[in-house]
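Before any comments, here is the structure.
The values are calculated or read from the model by the stated rules, or taken from the named source; none is laboratory data. As the structure is a prediction and not an experimental result, all values here were calculated from the model. When we count neighbours, we look across all protein chains shown, and the Cβ atoms used for this are built from the backbone with ideal geometry, even at glycine. With ligands, DNA and RNA removed, areas are computed over all heavy atoms of the protein, side chains included. Shrake-Rupley method; radii C 1.70, N 1.55, O 1.52, S 1.80 Å.
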Amino acid sequence: MRLHVETGEGWARASLSGELSVYTAEQLKSELLPLLAHEAVSLSFAEVTEVDGCALQLLLAFGRQLRRLELLADNPLVSEAFQLLGVTLTAPGGEDGLE
């Protein structure tokens with residue numbers, strides 16, 4: 001699991017890659033925590049190879065602590081997993097993107 005982050009005034013764009021699972025949850029949590037300092041966060045899943053329920057729960061709990069979280073629908077695997085939970089993702093490059 002890797003997290004690449006770009007930041008600006010009040011916002012952050014983060015790209016997750018690799019496996020998001022119970023085995024990487026602790027690392028994911030520790031890497032997401034600094035992003036709570038931003039008002040708005042956009043997460044890309046384009047490079048994610050695996051996702052499980054533990055990672056999804058962690059991401060949803062993370063989102064509840066933010067003013068605004070944008071989950072990008074740039075990976076069919078992750079999009080389908082979130083859809084099963086009733087969570088709608090944002091199309092990449094959509095009008096709601098962080099600027």
Members of the stretch 27-57 that are touching a Lys or Arg at 6+ places or on another chain (Cβ under 6 Å) and open to solvent by 20 Å² or more (accessible area, probe 1.4 Å): Glu39
Identity of the residue in the stretch 80-99, in contact with a strand residue (DSSP E or B) (Cβ under 8 Å, 6 or more places away or on another chain) and either part of a helix (DSSP H, G or I) or modelled with pLDDT of 90 or more (or both), that ends up surrounded by the fewest Cβ atoms within 10 Å (Cβ to Cβ): Phe82
The one condition in (1) open to solvent by 50 Å² or more (accessible area, probe 1.4 Å); (2) of a type in the set (A, V, I, L, M, F, W, C); (3) in a loop (DSSP other than H, G, I, E, B) that Leu77 fails to fulfil: (3)
Residue satisfying all of: in the stretch 58-67; open to solvent by less than 30 Å² (accessible area, probe 1.4 Å) and part of a helix (DSSP H, G or I); nearest to Thr24 (Cα to Cα) among these: Leu59
Residue that is farthest from Pro76 (Cα to Cα) [pool: residues in the stretch 6-18 that are in a strand (DSSP E or B) and open to solvent by 60 Å² or more (accessible area, probe 1.4 Å)]: Thr7
Test result for Glu70, of a type in the set (D, E, K, R), part of a strand (DSSP E or B) and within 15 Å of Val5 (Cα to Cα): yes
Scope the stretch 40-57; condition in contact with a strand residue (DSSP E or B) (Cβ under 6 Å, 6 or more places away or on another chain), of a type outside the set (A, V, I, L, M) and part of a helix (DSSP H, G or I); matching residues: none
